[in-house]
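Q: Submitted below is the structure of interest, expressed as structure tokens.
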């Protein structure tokens, strides 16, 4: 949770990119959106949730997963964002969509605002004991829960954990990116919304 | 004012596929009938801000969601509502319970009466105030008008005791 010795977020996302299959949706937000956009040209089924309402990426992904239950949906969320919408863990487990994979990138800070510690991070708490998102997910009723600290560990386990019975919760301990800025919207939102909906419609499963 | 069966039948007639909701003592009584309705799924969320984002995802996926919340939840919804309705301009329709409008016995001077309509105006949501059972057709017409125009809208349901 401290972020020290943790994996590079770009490397962590590259593993997801390797395992993303044709037809999978990938919702990214905040830092994950910035890193994802830097990795290559967008897929029509990428939803870069920028601008967002912070914390709402898992809820948006839940809606997609419920509307198209035969399609796998990945939601990439930061730990600060997760804290803003912890109830989503309960909502998702209540609906229990088998096609949803939520990946929480734990760096312990609000990265794009200057790396201030979140109240869930060890650094943000007097007892220096960070909250454990994977345990929170389990307590909320998720049964396929995984947590990885090292890139190799994540890379070796990705296929099995992503392929587990959904909904799947994966916590990745990542290092903050020094001097990171917020992601820039990749284009006009209304047009992007229209194209994304159309891509989902054309490839509906 | 309305029974759950009336509301479920109306939503079904309008083609609603998912009702995303946090209950109150009026709209909460509709939940069982909605959940029983063929072709409609009730999604219970933990807070109202979630409801707009879940509805947005459903809309992207080709479903026809509706958000069903109380006005206090409208107040809570702010940033999520802003993002979904104004950043992404998604035409999400909502049915919103208007606490204490018909009866302030439980909560005299309920500030919901002060803020609900100005907040809807501030968020630029076109709404119809529904104060009697005879206005069920108004909900139907407003929903269809909003759908045809591709814009969000709301039916504001006057409620009695909190």
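Q: Tell me whether the stretch A:166-183 contains one or more residues that are farther than 19 Å from residue A:12 by Cα and modelled with pLDDT of 95 or more.
A: Yes: one or more hits.
Q: Further question on the same structure: Residue A:123 passes all but one of (1) assigned to a loop (DSSP other than H, G, I, E, B); (2) modelled with pLDDT under 95; (3) farther than 24 Å from residue A:38 by Cβ; (4) touching a strand residue (DSSP E or B) at 6+ places or on another chain (Cβ under 6 Å); which number fails?
A: Unmet condition: (1).
Q: Being within 10 Å of chain B (Cβ to nearest Cβ), touching a strand residue (DSSP E or B) at 6+ places or on another chain (Cβ under 9 Å) and part of a loop (DSSP other than H, G, I, E, B) is the filter here; which residues of the stretch A:160-205 pass it?
A: A:185
Q: Among the residues of the stretch B:34-49 satisfying the criterion of being touching a residue at least 12 places away in the same chain (Cβ under 8 Å) and touching a strand residue (DSSP E or B) at 6+ places or on another chain (Cβ under 8 Å), which is farthest from residue A:62 (Cα to Cα)?
A: For the stretch B:34-49, the residue satisfying everything is B:34.
Q: Might you let me know whether the stretch B:93-113 holds any residue that is within 14 Å of chain A (Cβ to nearest Cβ) and not in a loop (DSSP other than H, G, I, E, B)?
A: no
Q: Same structure again: Tell me the residue from B:30, B:52 that is crowded, with 23+ Cβ neighbours inside 10 Å, at the interface with chain A (Cβ under 10 Å from one of its Cβ atoms) and part of a helix (DSSP H, G or I), please.
A: Being crowded, with 23+ Cβ neighbours inside 10 Å, at the interface with chain A (Cβ under 10 Å from one of its Cβ atoms) and part of a helix (DSSP H, G or I) holds for just one of B:30, B:52, which is B:52.
Q: Moving on. Does residue A:178 satisfy the criteria of being in contact with a helix residue (DSSP H, G or I) (Cβ under 9 Å, 6 or more places away or on another chain) and surrounded by fewer than 17 Cβ atoms within 10 Å (Cβ to Cβ)?
A: The answer is no for residue A:178.
Q: Also, I was wondering about something else. Regarding residue B:67, is this residue within 26 Å of residue A:50 (Cβ to Cβ), within 14 Å of chain A (Cβ to nearest Cβ) and part of a strand (DSSP E or B)?
A: Working: within 26 Å of residue A:50 (Cβ to Cβ): yes; within 14 Å of chain A (Cβ to nearest Cβ): yes; part of a strand (DSSP E or B): yes.
Spelling it out, residue B:67 is indeed within 26 Å of residue A:50 (Cβ to Cβ), within 14 Å of chain A (Cβ to nearest Cβ) and part of a strand (DSSP E or B).
The values are calculated or read from the model by the stated rules, or taken from the named source; none is laboratory data. The model shown is predicted, which means the values in this text are computed figures rather than measured ones. Because the Cβ atoms are built from the backbone with ideal geometry, glycine has one as well, and the counts that use them run over all protein chains shown.
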